[in-house]
Amino acid sequence: MASFPQVKPAAFIYPIAGPGSVDEAQSAARRIAFWFGVGLVFVRFSMLNEILSYVSGRNFYLLYFFGIPALFGLFVSGGMVRVLRERPAILWLGFGIWAVIAIPFSIWRGGSAHTVWAYWKTELIMMFVIGGIMRTWRECRVVMFAIAAGAAVNIFSSRLFGQVEMTGRISLDFGTVANANDFAGHLLLVLPFVLWVALSCKSLTLRAAALGGLSYGVYVVLASGSRGALVALAVDILFIVFTGRRRYRVGLLLLAPVIVIIAITVLPGTVLTRLSSFSSSQSGASEEALGSSEARQTLLRDSIIGALWNPFFGVGPGQFATYEGSKEELRGTGAYWHGAHNSFAQAASECGIPALFLYLAAIWSSWHLLRVIGQHTSRNPQLLDVTNAVFCIKLAVIGFCAAVFFLNFTYTFYLPAMTGLAIALASAVRLDRTRQTAVPAR
C-alpha cells in the first residue's frame with residue numbers, strides 16, 4: 001500500500017453503516033472480540049496478571065480469560081484474513097515460520113520447541129488480535145487508551161513493587177521484566193502512549209495527570225541505571241526534534257530541562273555514575289558498569305560468530321546462552337551462559353540470517369505503513385488526533401528498537417503489537433473509503 005486517497009474527515013472519525021446494510025465491522029462477534037481484545041491488551045501491557053499472581057500467589061489465567069474469546073471472534077469475523085493482507089504481518093509470520101523450521105537444527109530441540117511455541121501462543125498472536133479486531137478510529141482510540149492505562153499501572157508498580165538494588169538501581173520484585181534493563185525497555189515502549197493522552201485529551205486534569213505520569217516514567221527509566229535506555233531516550237529526543245511538529249518541540253523544550261534537573265537532584269550518585277560510564281578511560285567510572293559492557297561485547301561477538309557459522313538456521317531458537325556457555329567452557333576462557341543482549345544479533349544467531357532479514361523487514365514495513373498513514377492524515381487539521389497517534393506509535397517503535405539493541409527481546413509481543421496497531425489504523429482509513437454516510441464530527 002503506497003498511498004491513501006483523500007477522504008472526508010468526519011467519515012474517518014465517526015464511520016457508521018448505511019441503513020439496512022450488513023456490515024462486518026458492526027457484527028456481534030467482532031464487537032465481543034473487540035472488548036475482550038481490549039482487555040487482553042491492557043493485561044499484557046500493564047502486566048496485571050503478573051501483579052495479581054505476585055500479590056496473591058495464585059494464577060488468575062487472565063490471558064486465557066480475555067484471549068480465547070478475542071481469538072474466537074477474530075476468526076469468526078474474518079479479522080485474521082484482514083491482517084494477513086498486509087505486508088508487515090506476512091513478514092512477522094515469515095519470521096515465526098522460519099523459527100519453526102530452525103527447530104530441527106537446534107542444539108537443543110526441546111528447548112527451542114518450547115521457545116517457539118510460547119512465541120506463537122502468547123506473543124505473535126497479539127499482532128492478529130490488535131490488527132484484526134479494530135476497524136474504526138474510535139476503536140483504535142480505545143486501544144490506545146488501554147495501552148496508556150497499562151503504562152499508568154507500570155508506573156504505579158514501580159512505586160509499589162519496585163526494589164532498590166545495592167547499586168541504587170530501580171527494578172521490579174517480580175515478572176518477565178523484573179530486570180532493571182528490561183523494565184526500562186518496557187517503559188520506553190508504553191510511555192509514548194501516555195504522551196498521546198496528554199496531546200489528545202480535552203480534559204485539562206487528565207492532560208496534567210498524563211504529563212505528571214510521563215515525567216515520573218522517564219525518571220524511572222533513568223533510575224533503572226540502564227545505559228541502553230539512556231541511549232534510547234536520546235534517540236527519542238532526536239526523533240522529536242527533527243521530525244516532530246512545532247508544538248512537540250516546544251513541549252520538549254519546556255519539559256526536558258525540568259526532568260533533567262529533578263533526575264540529577266534525586267537520582268543516587270551511583271546511578272548517575274553508572275549512566276555516565278561508557279569507557280575505562282573515564283576517571284571514576286563504575287567498575288560494575290564497565291564489567292557489564294565488557295561482558296556484553298563478548299556476547300555480541302560470540303553471537304555474530306554463531307550467526308556466521310550457522311547462517312541459515314542458527315544454533316536454535318532460545319539456545320544462544322547454551323551455545324555460548326558450552327563453547328566458552330570448551331575453550332577454557334570462561335562462560336557467561338547469557339543471551340546475546342542484542343535482539344537483532346539474537347535473531348541472527350539463534351534462527352539464522354534469513355530470520356534477521358525477516359525481523360528487520362517486518363519492522364521497516366510497519367514503519368512505512370505508519371509513515372503513509374501519517375502523510376495522509378497530516379494534510380487535514382481535523383485529523384490531528386490521528387496524526388498524534390501515528391507520531392506517538394512511531395516514537396514508541398524507534399525508542400524501543402534502540403533499547404532492544406541491548407536487550408534479549410526477540411521473542412516478545414511488543415513489536416508485533418505495534419504492527420497490529422499500524423494495520424488497524426490502515427484498516428480504519430480503508431473502511432472510510434467505503435462509507436456513504438457519516439454523522440458530523442464532534
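Please list 3J(HN,Hα) in residue order for the stretch 397-407, calculated via the Karplus relation 6.51 cos²θ - 1.76 cosθ + 1.60 where θ = phi - 60°; whole Hz, with x for glycine and proline.
My calculation for the stretch 397-407 gives 5, 5, x, 5, 4, 5, 5, 6, 5, 10, 10 Hz in order.
How long is the stretch 126-213 along each principal axis, judged by its Cα atoms, biggest number first, in Å?
If we take the Cα atoms of the stretch 126-213, the spans are 48, 34, 17 Å.
Say R0 is 22 Å: what FRET efficiency, to the nearest 0.05, do ILE304 and HIS114 get from their beta-carbon distance?
Efficiency computed from Cβ-Cβ geometry: 0.30.
If packing is taken as the average count of other Cβ atoms within 10 Å, what order do 395-405, 53-63, 146-156 fall into, highest mean first?
395-405, 146-156, 53-63
Can you send over the carbon and sulfur percentage of the accessible area for the chain, probe radius 1.4 Å, protein chains only?
67 percent
Just add up the charged neighbours of PHE65: K/R +1, D/E -1, any other residue whose Cβ is under 14 Å from the Cβ of PHE65. All intermediate terms of the calculation are to be shown ahead of the outcome.
Values: positive: ARG44, ARG58; negative: none.
Within the 14 Å Cβ shell, the charges total +2.
Anyone know which of THR273, THR419, THR265 comes out most mobile in the 10 Å Cα GNM of the chain?
Most flexible of the set in this elastic network: THR265.
In nm, to one decimal, how far is the LEU384 label point from the ILE107 one, both placed 7 Å along Cα→Cβ?
5.6 nm
Counting heavy atoms of the protein chains only and a 1.4 Å probe, report the per residue accessible area for the chain as a whole number of Å².
On the way: 19700 Å² over 442 residues.
Here the residues of the chain average 45 Å² of exposed surface.
Could you sort PHE183, PHE145 by their accessible area in this structure, using a 1.4 Å probe and putting the largest first?
The most accessible residue leads, giving PHE145, PHE183.
Residues with amide H under 5 Å of PHE409's amide H, sequence separation 5 or more or different chain, H placed in the peptide plane at 1.01 Å from N; which?
Residues meeting the amide H criterion: SER343.
Taking every pair of alpha-carbon atoms in the chain, give the share separated by more than 35 Å as a whole percent.
For the chain, the fraction of Cα-Cα distances above 35 Å is 31 percent.
Per residue and in Å³, how big is the convex hull formed by the alpha-carbon atoms of the stretch 163-239?
Working: hull volume 7.1 nm³, N = 77.
Looking at the stretch 163-239, the number lands at 92 Å³ per residue.
Could you sort LEU91, LEU206, LEU308 by their accessible area in this structure, using a 1.4 Å probe and putting the largest first?
Descending order: LEU308, LEU206, LEU91.
How long is the stretch 354-400 along each principal axis, judged by its Cα atoms, biggest number first, in Å?
42, 18, 8
Would you work out the relative contact order for the chain, in percent, from Cα pairs under 8 angstrom that are 6 or more residues apart?
Relative CO of the chain lands at 27 percent.
The values are calculated or read from the model by the stated rules, or taken from the named source; none is laboratory data. Computed from a predicted model, the values in this text were never measured in an experiment. Note that we place each Cβ from the backbone using ideal geometry, even for glycine, and neighbour counts take in every protein chain shown. Side chains included, ligands, DNA and RNA excluded: accessible areas come from the protein's heavy atoms. Shrake-Rupley method; radii C 1.70, N 1.55, O 1.52, S 1.80 Å.
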